[in-house]
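The structure appears below as structure tokens.
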Amino acid sequence: MIAIEDLQVTFQAGARTVRAVRGVSLSVAPGEVFGLVGESGSGKSTVLRALSGLNPDWTGRMVVAGEDLPPGRRRPKAFHKRVQMVFQDPFASLHPRQTVDIALSEPLRIHRMTDDMDGRIERVLTDVGLDRSFRFRYPHQLSGGQRQRVAIARALILEPAILLLDEPTSALDVSVQAEILNLLRRLRAEHDLTMMLVSHNLAVVGHMCGRMAVMKEGRVVEPLSVAQLRAGTVADPYTRQLLRAAEGYDRAVAAETLDGSPGFGGGA
Amino acid sequence: MAEDTNALLEIEDLRVAFRTPTGVVEAVRGVSLAVARGERVGIVGESGSGKSMTGRSVLGLIRPPGEMRAARLSFDGQDLRSLPERRMRRLRGRRLAMILQDPTYSLNPVMRVGRQITEAFRTADPSLSRRAARDRALAALARVRIPRHDVARVYDAWPHELSGGMGQRVMIAMMVALGPDLLIADEPTSALDVTVQMQVLAILDDLVRETGMGLMFISHDLNLVASFCDRVVVMYAGRVMETCAAADLHAARHPYTRGLLAALPSIRGSHGDLPVLARDPGWLEGAPA
Amino acid sequence: MSGTQPTPGLRAWLMTEAPASRGQARLGELFRSWLRFRRNPLAMAGLITIALLILIAAVGPWLAPHSPTAQNLDLRLLPPGTEGHWLGTDGLGRDILSRLLHGGRITLTIVIMVAVIVAPVGLLIGTVAGYAGGVIDVVLMRLTDIFLAFPRLILALALVAALGPGIENAVIAIALTTWPPYARIARAETLTIRRSDFIAAARLQGASPARIVVRQVIPLCTSSVIVRVTLDMAGIILTAAGLGFLGLGAQPPTPEWGAMVADGRKYLLDHWWVATVPGIAIFVVALGFNLLGDGLRDVLDPRGER
């Protein structure tokens, strides 16, 4: 469904050239949930943004649903109907002056799916677990979890085949995170979606994905299956470090990481 | 429950309310807890649980329209409620310190790091010479495990040149250099990557062990609090749901705590649906377990 | 303002957390804004002042005891409080109160016409420049800089000299010289908005740049431009007065307030009221717009909403 070969993304930050992604290759099968794990600055979100079309400056090869994507150009409308994205911060991803109704009807108008608009909007709201009383509310009348449900509904209303998820739960409380993760799993099964999930949280990726890639400094350090993750049979020392850090604080592990750590650059 | 005899900080029936045009919002509703010397107390809860407000109350940082009341709020035998603002200010920084989530907001962006630290020292002790302040600042930076060859570089750096983890170390260095008896850390590692998070926690851990300072560690991360702290206070909607030894958190009795723990995805857990927390309205009213 | 207190049923309908239609949602938002606005007494004072100005503009000519242009040299320069001429008369014996009441309409016309021209032009240029970036941004912003580089009154003077004197041309001249700051504000706002996730989401839906500017960006920039326009009203009124004073704006005997101040200047030392009374009127209206603008800023700023 998704194939990426030797993806390179370079940014110009003032006088400096930042190589955010340095040769990433991966492939995602139809119906699969694939995870990208890494810390900030690892390039995991950049891969997702290049794939979605938000970041046109890349080199390499990207194939989505059998279609080669040329770099640099605006993607055709048909691509956007097929690939949708959910963002990290539900407080920033909804227009503050638009009701849920407008947020959901905009994509329909853009893609001229205006037949049965009311029906489509109400069905997608039900799908993400919001009843019809939410339809005419403004974002400031919604909780964080409800906003994220609206953002998911906005992505789903175009009936995409691929859903890109950029840290979809890291701005949410634990109990709300569980609800959203359950929702995403149900939607994947019901709508036969292919998903790519970016997260810094190994537990979330482990819970959602069958396969994943661990990224560091723009490269994939290790591809992993969920079985390997659970058994803890990881080869790369960095992955092992992440895995142990995810278990909570451990004096001995922390002491190991404490010496010889870089102090400058790469803001967290 | 605040009857610990050697308690450094005792809070009893703390209440914080905010007057808004649409009514009074009660952020903290009767919290009691204690922190002993050399103890790491974790306060854990979801957003809106009142955990940050509890921390700010201790430092007297609740500003109008917020109002704070407590049956008891004592720090090392002094009643903080009746302390005049001038003496409170002296207490803050010297004996009571706080570090926040994002160091970039706590450091002055137009002053070099070293200057900020020496200013803090010389404000606390005006007799300190420039040279002595510099020596103490360098020592403080070395103490938060900044590598020896980096100390001078960090000292001369601008805040924006520091990484998140280094910025947080500088904040800790500044705060603990004056030897506070109690450090309140409000989500000190939430903005940091996991590996950096471990380093910052190790530094805090060492400081508590070496100096016997009390630590109030406010966080939303149950696993982190359970593995780092000695005792855990679980808050929900401005109330304490339960207090237990950190080692026993995974055997917690309160349904809220159990619900939160169950809702956490785990690396070794199953791939099935996560149990969703069902909130009981009774938690808003009931006495703490 | 007790007349605006809706009945309990209507209030509940407006304040509901779950509106049942687009219209109800929008009215509910407006009502909530109004409740926030009403809590600010200074803003309310500004609103009442502007409401009074509008009322005067509407019915003033019928309230005026005399004709604004009727001269009577026997009654010239009467002080305020004189029987029949409560605010005195000017150098030609015209009743100042009547001239003020008639002039309200002119002041309001100038202000509204300038606002109607300036706000959309500034908004459009600023948002397009900010969203498009690159060459379009450079060209539009240098154009803006050129307009900004000239002193406002001198540019207006040149324009009026070319177009010919009169209120309409004064309005055009003022509008042409006032839009650049609005374009700059709109551009600055757009630069922050374009980076936000909801714009990224709109791009990923396949929305065209024009659609994003119109549907997503402009609604968010409008409020700050409206606020700025209200805050600038004082300056607009004074520029119009300045043009009038130079004989390039309202032509005598039109009772435009600025022209009245200019007219009274020659009697300022001995007959202070001739210039002072219209001056106070300008001051009150300018202050009213200013307070209103401040209040609107607090209400309209989306960042202020929780």
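Beyond 27 Å, what percent of the Cα pairs of chain A remain? For chain A, the share of Cα pairs beyond 27 Å comes to 42 percent.
To the nearest 0.05, how large is the calculated FRET efficiency for C:Leu42 and B:Arg148 if R₀ is 51 Å and r is the Cβ-Cβ distance?
0.30
Each 10 Å bin from zero holds the following percent of Cα-Cα pairs in the range C:215-290: 20, 38, 24, 12, 6, 1.
In whole percents, the pair-distance distribution calculated for chain B from its alpha-carbon pairs, binned every 10 Å from zero, is 6, 27, 33, 23, 9, 2, 0.
In terms of the mean number of neighbouring beta-carbon atoms within 10 Å, the peptides B:149-156, A:78-85, B:257-264 order highest first as A:78-85, B:257-264, B:149-156. Dividing the convex hull volume of the alpha carbon atoms of the range A:16-130 by its residue count gives 168 Å³ per residue.
Per-residue shielding of B:219-228, expressed as the average number of other chain Cβ atoms within 10 Å of the residue Cβ, stands at 3.
Here the protein assembly as shown was treated as a single set of alpha-carbon atoms; its pair distances binned every 20 Å from 0 give 12, 36, 34, 15, 3, 0 percent.
When only the Cβ of Lys, Arg, Asp and Glu is charged (+1, +1, -1, -1), the dipole of the protein assembly as shown relative to its Cα centre reaches about 940 debye. Total buried accessible area between B and A, probe 1.4 Å, nearest 100: 4000 Å².
Ordered by solvent-accessible area of protein heavy atoms (1.4 Å probe), largest first, the residues B:Arg145, A:Arg185, B:Arg19 come out as B:Arg19, B:Arg145, A:Arg185.
How big is D for chain C, in µm² s⁻¹ as a whole number, if Stokes-Einstein is applied with the Kirkwood radius of its Cα pairs at 25 °C and 0.890 mPa s? Roughly 113 µm²/s, to the nearest whole number.
Over the Cα atoms of the range B:1-144, the radius of gyration divided by the Kirkwood radius equals 1.02; this is the Rg/Rh ratio.
With only the Cα atoms considered, the range B:78-128 has a convex hull volume of 108 Å³ per residue. Counting only protein heavy atoms and using a 1.4 Å probe, the accessible area of C:Thr69 comes to about 60 Å². Here the relative contact order of the range A:76-257, from alpha carbon pairs under 8 Å that lie six or more residues apart, stands at 21 percent. How far is helix A:117-127 tilted, in degrees, relative to the longest principal axis of the Cα atoms in chain A, given as a value from 0 to 90 rounded to the nearest 10? On a 0 to 90 degree scale, this one is about 40. Modelled spin labels at C:Arg265 and B:Glu85, positioned 7 Å past Cα toward Cβ, are 4.9 nm from each other. Mean sequence separation of contacting Cα pairs (under 8 Å, at least six apart), scaled by the length of the range C:1-138, corresponds to a relative contact order of 16 percent.
Put simply, the convex hull of the Cα atoms in the range A:139-227 casts, on average, a shadow of 6.7 nm². Placing one equal scatterer on every Cα of the range C:148-297 and applying the Debye formula, the log10 ratio I(q)/I(0) at q = 0.14, 0.18, 0.21 Å⁻¹ is -0.79, -1.05, -1.22.
Think of the range C:57-118 as having a plus end and a minus end, set by charges on the Cβ of Lys, Arg, Asp and Glu; of C:Gly88, C:Leu77, C:His102, C:His102 sits farthest toward the positive end of this dipole. Distance distribution note for the range B:99-178: the fraction of Cα pairs above 16 angstrom is 43%. At the residue level, C:Ile237 shows approximately 10 square angstrom of accessible surface with a 1.4 angstrom probe and all protein chains present. Mean residue ellipticity at 222 nm, helices only, the protein assembly as shown: -15500 deg cm²/dmol; runs of at least 4 DSSP H residues each add -39,500 (n - 2.57), and the sum is divided by the number of residues.
Ordering B:Ala247, C:Pro209, A:Thr46 by the projection of their Cα atoms onto the charge dipole of the protein assembly as shown, which places +1 on the Cβ of Lys and Arg and -1 on the Cβ of Asp and Glu, puts C:Pro209 at the extreme positive end.
The values are calculated or read from the model by the stated rules, or taken from the named source; none is laboratory data. Computed from a prediction, not measured in an experiment: that's the story for all the values here. Methodologically, a virtual Cβ is constructed for each residue, glycine included, from the backbone with ideal geometry; neighbour enumeration extends over all protein chains shown. For accessibility, only protein heavy atoms count, side chains too; no ligands or nucleic acids. Shrake-Rupley method; radii C 1.70, N 1.55, O 1.52, S 1.80 Å.
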